[in-house]
1. Picking from Ser33, Ser37, which residue would you name as being hydroxyl-bearing (Ser, Thr, Tyr) and outside any loop (DSSP other than H, G, I, E, B)?
2. So, in the stretch 162-174, how many residues would count as being in contact (Cβ under 8 Å) with a residue 40 or more places away in the chain and open to solvent by 40 Å² or more (accessible area, probe 1.4 Å)?
3. Going by the conditions given, is Trp110 closer than 21 Å to Leu23 by Cβ and either without any contact (Cβ under 8 Å) to a residue 40 or more places away in the chain or surrounded by 16 or more Cβ atoms within 10 Å (Cβ to Cβ) (or both)?
4. So if I check each of Glu142, Glu121, which one is in contact with a strand residue (DSSP E or B) (Cβ under 8 Å, 6 or more places away or on another chain) and closer than 27 Å to Gly78 by Cα?
5. Within the stretch 64-97, count every residue that is among the hydrophobic types (A, V, I, L, M, F, W, C), open to solvent by 10 Å² or more (accessible area, probe 1.4 Å) and within 18 Å of Arg34 (Cβ to Cβ).
6. Just checking, how many residues over the stretch 121-130 are open to solvent by less than 100 Å² (accessible area, probe 1.4 Å) and free of Cβ contacts under 8 Å to residues at least 24 places away in the same chain?
7. If you scan the stretch 32-45, which residues turn out to be open to solvent by less than 20 Å² (accessible area, probe 1.4 Å) and either in contact with a His (Cβ under 9 Å, 6 or more places away or on another chain) or small (Gly, Ala, Ser) (or both)?
8. Would you check which residues across the stretch 50-71 are at pLDDT 70 or above and among the polar types (S, T, N, Q) and list them?
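The values are calculated or read from the model by the stated rules, or taken from the named source; none is laboratory data. These numbers come from a predicted model, not from an experiment. A quick note on method: Cβ atoms are made from the backbone with ideal geometry, for glycine too, and the neighbour counts reach across all protein chains shown. Each accessible area value is taken on the protein alone, full model and side chains, heavy atoms only, with ligands, DNA and RNA left out. Shrake-Rupley method; radii C 1.70, N 1.55, O 1.52, S 1.80 Å.
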Amino acid sequence: MAIPQIRVTREEMRKRVAYFKDLKGFDGGLPDSRYPSAVRKLYNAVGFQPPQGKGGTEVVSPVGAQAAENAAIRISEGFNLGFCEAKPGNGPMMHNHDTNETFMPLTGTWRCAWEVDGKEEYFDVGPWDICSFPAGVNRRFENITHSEPGKTHFLMFVIGGNAPEADFTDKAKQTLRDEGLLT
């Protein structure tokens, strides 16, 4: 059986082009968004909208509510592509997803960490390197380009699914509760 062919007008195709200079980044919408070492900006370039029917304070869209609602290219074709911009020392708290999440730094050096047997393991990756986490693994990433303390760097992420969910670890949630950032 041949793959069906479709015709797409220039106007229709324009809805599927996102110029980086026009992307809008969001720094909120996740439980850890206001935690000092987790401050970052997320750009939802290609992708999903918020998970349907959830709306809680703990299980959320992996890109946060604001970025999820404002994808530059709004599709539901099984994946999301976006960018994280953060200063050195910043990145999300330990969390997991119900789908794959893959990272590729565009600038700087980033630490991709995960939990196993009660301890944290990690790989440090630089531009064009790739780290891919399977569903259900507690993970986090952090800009570790400490040689450029005030400069933000970019990490590209690809997240599988049409409406994936993210949840923070119990330890991360307790830290956020202790700080008054999560009820």
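1. Numbers: Ser33 fails: outside any loop (DSSP other than H, G, I, E, B).
That would be Ser37, the only listed residue that is hydroxyl-bearing (Ser, Thr, Tyr) and outside any loop (DSSP other than H, G, I, E, B).
2. Step one: of the stretch 162-174, the residues in contact (Cβ under 8 Å) with a residue 40 or more places away in the chain are 162-169, 171-173.
Subsequent filtering for residues that are open to solvent by 40 Å² or more (accessible area, probe 1.4 Å) retains 162-163, 165, 167, 171.
So the count comes out to 5.
3. Details: closer than 21 Å to Leu23 by Cβ: yes; either without any contact (Cβ under 8 Å) to a residue 40 or more places away in the chain or surrounded by 16 or more Cβ atoms within 10 Å (Cβ to Cβ) (or both): yes.
Yes, satisfied.
4. On the way: Glu121 fails: closer than 27 Å to Gly78 by Cα.
Result of the check over Glu142, Glu121: Glu142.
5. Counting residues in the stretch 64-97 that are among the hydrophobic types (A, V, I, L, M, F, W, C), open to solvent by 10 Å² or more (accessible area, probe 1.4 Å) and within 18 Å of Arg34 (Cβ to Cβ) gives 3.
6. First, the residues of the stretch 121-130 that are open to solvent by less than 100 Å² (accessible area, probe 1.4 Å): 121, 124-127, 129.
After this cut, where a residue has to be free of Cβ contacts under 8 Å to residues at least 24 places away in the same chain as well, the list is 121, 124-127.
Residues meeting the conditions: 5.
7. Asp32, Ser33, Ala38, Ala45
8. Here is the first cut: in the stretch 50-71, the ones at pLDDT 70 or above are 60-71.
Correct list: Ser61, Gln66, Asn70.
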